[in-house]
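See below for the structure under consideration.
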């Protein structure tokens, strides 16, 4: 009996472990993404910016104009739900509460409206609505709509098509990297570099739509999406566009196919070897590719990144280093594929030459 | 702790989650297509047009003939008097106008917004309620 009670306490305590991402109604990577995003939200001091009912979208909320109690109530709900989320208690309800409060905050004040804050609210609502039979469909559909809106807005704007927007946007008085950008832009005639960047952004956003909506292309969508948004951080000298970079990367984390088991050991050549079991197949990696994947699937790495990134250290370096490490293992595969295609083409040519003779 | 539901409850939950979730996404899709493919809604709220504008602006306002200081403008509109705005300039204009329409009361307010959009020459927008 005593052992049973002790075991129950131990199980409860293990369940309260904030670093534990499994054992809830959300898949591990989605739970981790939600925890990371709410942590980033707090560390970026967004709690203090929650509004009262000043100039609301919904007129009823105007009665809270100037009310510190309203603001504190919003903050208290988010903090309480965030703590519950981190302690793995009622994770769905916590996500729905956080998301609902963030959306309510936006409806409470028109000056508070920003696309990045709207998306965080929607992220948590969608996380709370997760169902294993829907899988990642809602997240992928949400991202697709965002890229459709953003892509259309750019495509239909003449200043985007000509590069005039980028040329002005990346001025030194807007972003520090403007000094470097202006120098490179002057090496090409007119606004050519700016137009190139504009069209890269437009095409990337439109390409991401089918990549997200077709399940087999989702890994490629993750690679393209994270690279693209981190590229924007690079080009602006560290701007995360409020919470946008955090929210979008959290979403891409939620789209990852999370392993059910990982085994780390050393092979006969003394190389670090990683075996990743995703249920349907087992993949093996060595060296750099193995290290990158160990980091990719380790929650503590992401938590450390959130602390580092919110203290203004290098998002770009860490993110691109991880992308490089993961993509590295595909280099030999791409080489092998290329050699096979070359051999196939060469065999076919040889066969057709023999027929002619 | 996970609660285990019967098949009927699980199916009902799936229907509710899918309906709400897809409903949210579809509503956004309708807004995106309406806003971007028609001439309506130049302020582009809820239509996913993030950080697509480069607007350097300055707000000047007077209340009952008295010009407002920078800090008074910030308190009144919850916006910096001089700033860099990355959303549609119509949204900025709308915020200033609606603030006064909602809270001005009997005050006579005149607003002058000067801005440069995407590097073009300076433009002016004015609004007054009397």
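Residue by residue through the stretch A:106-136, note down the ones that are farther than 30 Å from residue B:94 by Cβ, touching a helix residue (DSSP H, G or I) at 6+ places or on another chain (Cβ under 8 Å) and without any contact (Cβ under 8 Å) to a residue 40 or more places away in the chain.
Result: A:128, A:129, A:131, A:133, A:134.
Can you name every residue in the stretch B:28-73 that is modelled with pLDDT of 90 or more and at positive phi?
Scanning the stretch B:28-73 gives B:44, B:46, B:48, B:64, B:65.
Considering the stretch A:164-173 alone, what residues qualify as being surrounded by fewer than 23 Cβ atoms within 10 Å (Cβ to Cβ) and either touching a residue at least 24 places away in the same chain (Cβ under 8 Å) or within 7 Å of chain B (Cβ to nearest Cβ) (or both)?
Answer for the stretch A:164-173, where residues must be surrounded by fewer than 23 Cβ atoms within 10 Å (Cβ to Cβ) and either touching a residue at least 24 places away in the same chain (Cβ under 8 Å) or within 7 Å of chain B (Cβ to nearest Cβ) (or both): A:164, A:168.
Can you go through A:203, A:196, A:212 and tell me which one is assigned to a helix (DSSP H, G or I) and either touching a residue at least 40 places away in the same chain (Cβ under 8 Å) or touching a helix residue (DSSP H, G or I) at 6+ places or on another chain (Cβ under 6 Å) (or both)?
Of A:203, A:196, A:212, the one residue that is assigned to a helix (DSSP H, G or I) and either touching a residue at least 40 places away in the same chain (Cβ under 8 Å) or touching a helix residue (DSSP H, G or I) at 6+ places or on another chain (Cβ under 6 Å) (or both) is A:212.
On the given criteria, is residue A:101 touching a residue at least 12 places away in the same chain (Cβ under 8 Å), more than 14 Å from every other protein chain (Cβ to nearest Cβ) and part of a helix (DSSP H, G or I)?
yes
For the stretch A:174-198, name all the residues that are within 14 Å of chain B (Cβ to nearest Cβ), under 27 Å from the mean Cα position of the chain (by Cα) and surrounded by 14 or more Cβ atoms within 10 Å (Cβ to Cβ).
Hits for the stretch A:174-198 are A:174, A:175, A:178, A:181, A:194, A:195, A:197, A:198.
Name the single residue, out of those in the stretch B:66-92 being part of a helix (DSSP H, G or I), touching a residue at least 12 places away in the same chain (Cβ under 8 Å) and more than 14 Å from residue A:55 (Cβ to Cβ), that is farthest from the other protein chains (Cβ to nearest Cβ).
Within the stretch B:66-92, the match that is farthest from the other protein chains (Cβ to nearest Cβ) is B:70.
With B:15, B:30, B:25 as the choices, which residue is within 9 Å of chain A (Cβ to nearest Cβ) and over 17 Å from residue A:55 (Cβ atoms)?
B:25
Tell me, please, whether a residue that is part of a loop (DSSP other than H, G, I, E, B) and out of contact with any helix residue (DSSP H, G or I) (no Cβ under 9 Å at 6 or more places or on another chain) can be found in the stretch A:237-259.
No - not one qualifying residue is present in the stretch A:237-259.
From A:322, A:255, A:274, which residue is surrounded by 12 or more Cβ atoms within 10 Å (Cβ to Cβ), closer than 26 Å to residue A:19 by Cα, modelled with pLDDT of 85 or more and in contact with a strand residue (DSSP E or B) (Cβ under 8 Å, 6 or more places away or on another chain)?
A:274 is the lone residue from the list that is surrounded by 12 or more Cβ atoms within 10 Å (Cβ to Cβ), closer than 26 Å to residue A:19 by Cα, modelled with pLDDT of 85 or more and in contact with a strand residue (DSSP E or B) (Cβ under 8 Å, 6 or more places away or on another chain).
The values are calculated or read from the model by the stated rules, or taken from the named source; none is laboratory data. Because the structure is predicted, anything quoted here is derived from the model rather than measured. Backbone-built Cβ (ideal geometry, glycine too); neighbour counts: all protein chains shown.
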